[in-house]
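This report concerns only the one structure given below.
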Amino acid sequence: MGVEDQLLSSPLVDLSQTSDIKRTGTTWTAVAHIITGVIGSGVLSLAWSMAQLGWIAGPLLMFFFAAVTLTSTFLMCDCYRSPDPEHGPVRNRSFTEAVEINLGEKSAWIGGLLMQINFFGTGIAYVITTATCLSAIQKSNCYHKYGHDAPCEFGDTKPMLLFGLLQIFMSQIPNLHSMEWLSVIAAVMSITYSSIGLGLGAAQVIGDGVIMGSISGIEASTSTDKFWLVFQAVGDIAFAYPFTMIDTLRSPPPETGTMKRASVISVAVTTFFYLCCGGFGYAAFGDQTPGNIMTGFGFYEPYWLIDLANACIVVHLVGGYQMYSQTLFAMVDKEPSTTFLNKDFTLKLPMLQPLTLNVHRLCFRTAYVVATTAIAVAFPYFNQVLGVLGAINFWPMAIYFPVEMCLRRKRIGAWTSNWILLRAFSAICFAINMLALIASIQGLVSARFTSQLETE
């Protein structure tokens, strides 16, 4: 699987640079690309989300987001070609192109801005996740050597800074996102650590012979705290269901039908996998379910398997950071600048190909990595950050724009049954989205203040 395909199946990726890609994809290749693009670090928080929601609301929310994702994907599939969804002569090769054709330049600009905010936020989440995984490897080895009660505490700041330094170097490599091996490694790592987490949870439940947890989930000290935690969990689940679009499908048959079939299969497989990961994790640990199933140390042994899972996460996110960031970098590189800033310099490295640098690329990309790293150091809170990112991205990109494009493209009249149905769908999702966003921000601020009090 080439990295071009991986990028096309990643959430909200602009496909405007992909017109020369040969379209040979089928339903099953599209399914593979979508599942690979969707299943990522969001799966690590699903057990914690399930613990906040309980055995009834948790699975129901996952089915809800699966249905919402499928609905919005169907709406977007009909916008792939214009004006006819199956035989229209204009192929919208990117999300922003579809928005621009259907809703105008202003909406496309807003959609593009939200897309870049999502890329930037995902970079912050990847810095946090990588650091916690590196610390978890150290803790795992420490617990194995000195016992489970040993004071094995390792900070996250140094791993974050090391990750930032590595990304500063990697971000200077031109066209890194077009290296095929990056996509292959990311896919293998994602499947490996997700499967290990699922297997460890299932083994724990089978070994104990007890299914832990409750109908209402973890109890909080007050009803207000419970309310915030529930909607923070909703934001985490939203982060795990990113929007995807494929542009490598062959035609005929019409791409719309192929994408819809692929979406049904991939959403069904992903939801089943998510239910298993979240369910087994909650069943294994109940009220003690950690925020990150692989770093919260519900599992101690086999330590080497835990180390392997965390190492896979690190490798995946090292490449994943670039896969998201390079899309934004490519846009900035198009901006005009002075001759001096765009002048190329060649840096020769031992045992590596010469590296071409210019001042514009060096300054912007370094500043970008420094910014994501600095914010991660200031707010190193995995679940809260994922909740904020999920809420920021969910309604505008997966609900609002697809619904508005459908209304405009089909010329659905006001107060007709279809109009009321789509407006109600958008309004309900907006309300859930805002509650999840407010709850996640509240959790982020609360965690920050709590951390400050503990250090004083």
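The values are calculated or read from the model by the stated rules, or taken from the named source; none is laboratory data. Since the model is a prediction, treat every value here as computed from it, not as a measurement. Counting neighbours? That spans all protein chains shown, and the Cβs are built from the backbone with ideal geometry, glycine included. Ligands, DNA and RNA are excluded from the accessible area calculation, which covers all protein heavy atoms including side chains. Shrake-Rupley method; radii C 1.70, N 1.55, O 1.52, S 1.80 Å.
When you look at residue 49, is it open to solvent by 20 Å² or more (accessible area, probe 1.4 Å), in a helix (DSSP H, G or I) and closer than 29 Å to residue 432 by Cβ, yes or no?
no
Please indicate, with yes or no, whether at least one residue in the range 411-431 is of a type in the set (Lys, Arg), more than 23 Å from the chain's Cα centre (by Cα) and modelled with pLDDT of 95 or more.
yes
Restricted to the range 394-435, and to residues that are of a type in the set (Val, Ile, Thr) and without any contact (Cβ under 8 Å) to a residue 24 or more places away in the chain, which residue is surrounded by the most Cβ atoms within 10 Å (Cβ to Cβ)?
412
Where residues in the range 255-269 are surrounded by fewer than 24 Cβ atoms within 10 Å (Cβ to Cβ) and small (Gly, Ala, Ser), which of them is farthest from residue 91 (Cα to Cα)?
268
Under 6 Å by Cβ, and 6 or more places apart or on different chains, what pairs join a residue from the range 218-234 that is aromatic (Phe, Trp, Tyr) with one that is surrounded by 14 or more Cβ atoms within 10 Å (Cβ to Cβ)?
228/439; 228/442; 231/435; 231/436; 231/439
Within the range 436-445, does at least one residue satisfy the condition of being in a helix (DSSP H, G or I), within 28 Å of residue 44 (Cβ to Cβ) and without any contact (Cβ under 8 Å) to a residue 12 or more places away in the chain?
If we filter the range 436-445 for residues that are in a helix (DSSP H, G or I), which is where we start, we get 436-445.
Remaining after also requiring within 28 Å of residue 44 (Cβ to Cβ): 436-445.
Of the ones still in play, those that are also without any contact (Cβ under 8 Å) to a residue 12 or more places away in the chain are 445.
Checked the range 436-445: at least one residue is in a helix (DSSP H, G or I), within 28 Å of residue 44 (Cβ to Cβ) and without any contact (Cβ under 8 Å) to a residue 12 or more places away in the chain.
Can you find even one residue in the range 156-167 that is aromatic (Phe, Trp, Tyr), surrounded by 22 or more Cβ atoms within 10 Å (Cβ to Cβ) and in contact with a His (Cβ under 9 Å, 6 or more places away or on another chain)? Quick ask: steps written out before the conclusion?
Taking the range 156-167 and keeping what is aromatic (Phe, Trp, Tyr), we get 163.
The next check asks that each one be surrounded by 22 or more Cβ atoms within 10 Å (Cβ to Cβ); those that pass are 163.
So of that shortlist, the ones also in contact with a His (Cβ under 9 Å, 6 or more places away or on another chain) come out as none.
Checked against the condition, which is being aromatic (Phe, Trp, Tyr), surrounded by 22 or more Cβ atoms within 10 Å (Cβ to Cβ) and in contact with a His (Cβ under 9 Å, 6 or more places away or on another chain), the range 156-167 yields no hits at all.
Here are some conditions: (1) at pLDDT below 85; (2) outside any helix (DSSP H, G or I). Residue 331 meets all but one. Which one does it not meet?
So the condition that residue 331 fails would be (2).
Out of the residues in the range 274-305 that are among the aromatic types (Phe, Trp, Tyr) and open to solvent by 40 Å² or more (accessible area, probe 1.4 Å), which is modelled with the lowest pLDDT? So that I can check it myself, show each step before the final result.
Here is the first cut: in the range 274-305, the ones among the aromatic types (Phe, Trp, Tyr) are 274, 280, 282, 285, 297, 299-300, 303-304.
Next, only the ones that are open to solvent by 40 Å² or more (accessible area, probe 1.4 Å) stay: 280, 300, 303-304.
Values: 280: 93, 300: 76, 303: 88, 304: 91.
Only one residue fits best here, namely 300.
Can residue 391 be described as in contact (Cβ under 8 Å) with a residue 40 or more places away in the chain, small (Gly, Ala, Ser) and either more than 21 Å from residue 441 (Cα to Cα) or not in a loop (DSSP other than H, G, I, E, B) (or both)?
yes
So residue 158 passes all but one of these: (1) over 23 Å from residue 451 (Cβ atoms); (2) part of a helix (DSSP H, G or I). Which condition number does it fail?
(1)
Yes or no, residue by residue, for (1) surrounded by fewer than 20 Cβ atoms within 10 Å (Cβ to Cβ); (2) in a helix (DSSP H, G or I); (3) more than 13 Å from the chain's Cα centre (by Cα):
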| residue | (1), (2), (3) |
| --- | --- |
| 93 | yes, no, yes |
| 98 | no, yes, yes |
| 108 | no, yes, yes |
| 112 | yes, yes, yes |
| 119 | no, yes, no |
| 125 | no, yes, no |
| 129 | no, yes, no |
| 132 | no, yes, yes |
| 137 | no, yes, yes |
